[in-house]
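S.K.: Quick one: the structure is below, questions incoming.
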Amino acid sequence: MTGERLLLKAIRGEAVERRPLWIMRQAGRYLPEYRELRRSYPFKAVAQSPELAARVTLMPMARFPLDAAIVFADIMSPLPALGVEFDFDPGPVVEKPIRDRAGVDALTPPDPARLGPEVLAALRQTRDALPAETALLGFCGAPWTLAAYLVEGRGRKDFPKLRAFAAAEPKLLEILLRKLSGAMATYLVSQARAGADAVQVFDSWAGLLSLADWERLIRPHLEMLLQTVGEAGVPRILFLQNAPHLLDAYAGLPAEVLAVDWRVDIAEVQRRYPSRAVQGNIDPAVLLGGAAPTRAAAVALLQQVRPEGHIVNLGHGILPQTPLESVSALVDAVHEEQAT
Ligand code: CP3
């Protein structure tokens, strides 16, 4: 049956009966049943329980005929294996931000068995419950996006402490990124062995540095991560956010799928890199306006982007206030294309 998973066909750029659709952060707070569950359990408790995480992973699948499930976890989930302590408020808050040599040295080489074992268990449980035609996705944070939280200490506009660290301590940043990319490569391959058909690398904060600094400081580590995962035979989706100036640079990295946000002309990306599948890229804010603008945006996207090698998605995570009708409108637009 695996050969029939639409998402995998699209990743390979093959002709499809219709385009596959999934939604970044589809297992999140816009779902009333998720909010209900969270009245009983804090986020960390849900993420640390394979049973609860698998249940949340399946929540959007019960409501909408999406073509992929993405395991419910956070980009920080594997980091305890490196000795990192953190909490959520609501985003990650790192207990001891890493700003010096001692902080970088304190990151321990992880025992592979300790890299997100609860995430791997959730993947196995989810796979058992999913229909054969539905793909299952694993994911990790890109080394730079993880470093953003580790150095800054928490999400902050433009991450000034991170950028200061990159400028003042490039050697320490290099060691930090090397440790993170090695650990994430192991983690992604483990996720594939636990049942993930493909993995997405979230580089949500890709765009913070100039192209020249990205090439010098970041690229080698992201490339190593993607290369290692590719050598293990795992299909890779590479997502970059708010980084139009880095698009060509990311397109030069080894990944089957380039996932872009709404700032980028995705049809042009498809034309420019014909061997690459593309994923995206409706502005999540459009869905806040309800079914009509969502349908209009979806129809426009389908008209502009050729179906082979296109995975329909938003350009970033679905927003908590999104009406369910908007998600239905998106699903309907994608499914109706088949009939026309
Ligand atoms: O949104 C992205 O850019 C994707 C990459 C990313 C994730 N977590 C993946 C994720 C990033 C940048 C994070 C960091 C993070 N962790 C944030 C972002 C905001 C900030 O302050 O920096 C937040 C809010 C968290 C904590 C967190 N993660 C919560 C509370 C939840 C539950 C769901 C929700 O929306 O409330 C998550 C889940 C999460 N983070 C998933 C993923 C892929 C699970 C899958 C899904 O929601 O579909």
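S.K.: If I filter the stretch 235-244 for residues that are within 16 Å of the ligand (Cβ to nearest atom) and more than 30 Å from H221 (Cβ to Cβ), do I get at least one hit?
M.R.: So far as the stretch 235-244 goes, no, none of its residues is within 16 Å of the ligand (Cβ to nearest atom) and more than 30 Å from H221 (Cβ to Cβ).
S.K.: Further, regarding this structure: Can you list the helices (runs of 4 or more DSSP H) found entirely within the stretch 200-282 that contain at least 2 residues being surrounded by fewer than 19 Cβ atoms within 10 Å (Cβ to Cβ) and among the basic types (K, R)?
M.R.: Numbers: elements: 219-231, 247-251, 266-272.
Passing ranges, in order: 266-272.
S.K.: I'm trying to understand the selection: among the residues of the stretch 155-193, which are outside any helix (DSSP H, G or I) and either modelled with pLDDT under 95 or open to solvent by less than 10 Å² (accessible area, probe 1.4 Å) (or both)? Full working, then the answer.
M.R.: Initially, the stretch 155-193 is screened for residues outside any helix (DSSP H, G or I), giving 155-159, 169.
Correct list: F159 only.
S.K.: Please tell me if Y149 is open to solvent by 10 Å² or more (accessible area, probe 1.4 Å), under 23 Å from L115 (Cβ atoms) and in contact with a strand residue (DSSP E or B) (Cβ under 9 Å, 6 or more places away or on another chain).
M.R.: Yes; evaluated as a whole, the condition is true for this residue.
Yes/no per residue for (1) over 18 Å from the mean Cα position of the chain (by Cα); (2) within 15 Å of the ligand (Cβ to nearest atom); (3) farther than 30 Å from A194 by Cβ:
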| site | (1), (2), (3) |
| --- | --- |
| V229 | no, no, no |
| E256 | no, no, no |
| I266 | no, no, yes |
| S275 | yes, no, no |
| Q303 | yes, no, yes |
| Q321 | yes, yes, yes |
| S326 | yes, no, yes |
| D332 | yes, no, yes |
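S.K.: Please find, among A135, A54, A122, the residue that is closer than 26 Å to M224 by Cα, open to solvent by less than 30 Å² (accessible area, probe 1.4 Å) and within 16 Å of the ligand (Cβ to nearest atom). It would help to see each step written out before you state the result.
M.R.: Details: A54 fails: closer than 26 Å to M224 by Cα; A122 fails: closer than 26 Å to M224 by Cα.
Going through A135, A54, A122 in turn, the sole match is A135.
S.K.: Any residue in the stretch 63-90 that is touching a residue at least 40 places away in the same chain (Cβ under 8 Å) and of a type in the set (S, T, N, Q) sitting within a Cβ distance under 8 Å of a residue that is open to solvent by less than 30 Å² (accessible area, probe 1.4 Å) and within 9 Å of the ligand (Cβ to nearest atom)? List the pairs, counting only those 6 or more apart or interchain.
M.R.: Within 8 Å, the pairs are S77/A47.
S.K.: When you go through V84, V46 one by one, which is the residue that is open to solvent by less than 20 Å² (accessible area, probe 1.4 Å), within 14 Å of the ligand (Cβ to nearest atom), assigned to a loop (DSSP other than H, G, I, E, B) and farther than 30 Å from Q338 by Cα? Let's see the steps before the verdict.
M.R.: Working: V46 fails: assigned to a loop (DSSP other than H, G, I, E, B).
Of V84, V46, the one residue that is open to solvent by less than 20 Å² (accessible area, probe 1.4 Å), within 14 Å of the ligand (Cβ to nearest atom), assigned to a loop (DSSP other than H, G, I, E, B) and farther than 30 Å from Q338 by Cα is V84.
S.K.: Then there's this: Could you grab the pairs with beta carbons closer than 7 Å, sequence gap of 6+ or different chains, first residue in the stretch 14-39 and within 16 Å of L136 (Cα to Cα) and part of a loop (DSSP other than H, G, I, E, B), second one near the ligand (Cβ under 9 Å from one of its atoms) and not aliphatic (A, V, I, L, M)?
M.R.: Close Cβ pairs satisfying both conditions: M24/H316; M24/G317; R25/G317; Q26/P60; A27/Y34; A27/T57; A27/P60; A27/F72.
S.K.: Can you list residue pairs whose Cβ atoms sit under 6 Å apart, with the first residue in the stretch 148-166 being farther than 19 Å from R219 by Cβ and the second being open to solvent by 70 Å² or more (accessible area, probe 1.4 Å) and not polar (S, T, N, Q)? Count only pairs 6 or more apart in sequence or on different chains.
M.R.: E152/K161
S.K.: Would the stretch 95-114 turn up any residue that is open to solvent by less than 70 Å² (accessible area, probe 1.4 Å), among the acidic types (D, E) and touching a residue at least 40 places away in the same chain (Cβ under 8 Å)?
M.R.: No - not one qualifying residue is present in the stretch 95-114.
The values are calculated or read from the model by the stated rules, or taken from the named source; none is laboratory data. Not measured: the values here are computed from a predicted model. Neighbour counts are summed over all protein chains in view; Cβ atoms, including those assigned to glycine, are modelled from backbone coordinates with ideal geometry. Calculation scope for accessible area: heavy atoms of the full protein, side chains included, ligands and nucleic acids excluded. Shrake-Rupley method; radii C 1.70, N 1.55, O 1.52, S 1.80 Å.
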